[in-house]
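Chemist: Sharing a structure with you now.
The values are calculated or read from the model by the stated rules, or taken from the named source; none is laboratory data. If you're wondering where the values come from, they're calculated on a predicted model, not measured in any experiment. Note: ideal-geometry Cβ built from the backbone for every residue, glycine included; neighbour counts use all protein chains shown. We work out accessible area using only protein heavy atoms, side chains counted, and drop any ligands, DNA or RNA first. Shrake-Rupley method; radii C 1.70, N 1.55, O 1.52, S 1.80 Å.
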Amino acid sequence: MQIDGYVQALREDLARVAAVGDESTARAAELLAVALESALGRRLIEALGEAALELSGQLDDGHVEVRFAGGDPELVLVRDEGATPAEPADAAFTARISLRLPAREGLSVNTWLVQVLARALEPRSSSGGSRRRLTGYGRS
């Protein structure tokens, strides 16, 4: 399900309603639509979560989850243990985590994360050579 299409449709609906007024009303509606865009997307995702809970309550042998594939949510039927597996055994060892955070300094979260990981993995050199030093306590 592509949330962006629904958000765009709501923006167009708001523009059509605002067209009844004058030019300043249309401009205010446009600015309001831009300001509410991310909130509308979140609310639609919350509605999908509630739908998944309601559908899960009607199932005897499974539940419905909201999963994200490429940034778009999808409803997935998951069978409980003892039921026929819905996905191959290899898929049980894979995971996808989507995290959306506000970006700062003009960087996307992905770019920021790549930079942090690159800095963390850079070998630290002291006096020209690369050394690794272990510290801590041990028991014998």
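Chemist: How much accessible area per residue does the stretch 6-80 have, counting only protein heavy atoms and a probe of 1.4 Å, in square angstrom? Mind dumping the intermediate values first?
Modeler: Numbers: 5140 Å² over 75 residues.
Dividing the accessible area of the stretch 6-80 by its residue count gives 69 Å².
Chemist: Find the relative contact order for the stretch 1-74 and round it to a whole percent, using C-alpha pairs within less than 8 Å whose residues are 6+ positions apart.
Modeler: On the way: 48 pairs, mean separation 23.3, N = 74.
Once divided by the residue count of the stretch 1-74, the mean separation gives 32 percent.
Chemist: May I ask for log10 I(q)/I(0) of the stretch 23-80 at q = 0.13, 0.18, 0.25, 0.29 Å⁻¹, from a Debye sum over the Cα atoms as equal point scatterers with solvent left out?
Modeler: Reported log10 I(q)/I(0), two decimals: -0.48, -0.68, -0.95, -1.09.
Chemist: A further question on this structure: Can you give the direction-averaged projected area of the convex hull of the alpha-carbon atoms in the stretch 1-48, in nm²? Before the final figure, lay out each step's value.
Modeler: Values: hull surface 12.5 nm².
It is 3.1 nm².
Chemist: A further question follows. I need the calculated FRET efficiency for the pair Glu23 and Gln2, taking r as the beta carbon distance and R₀ as 35 Å, to the nearest 0.05. Numbers along the way, then the final one.
Modeler: Values: r = 32 Å, r/R0 = 0.90.
Efficiency computed from Cβ-Cβ geometry: 0.65.
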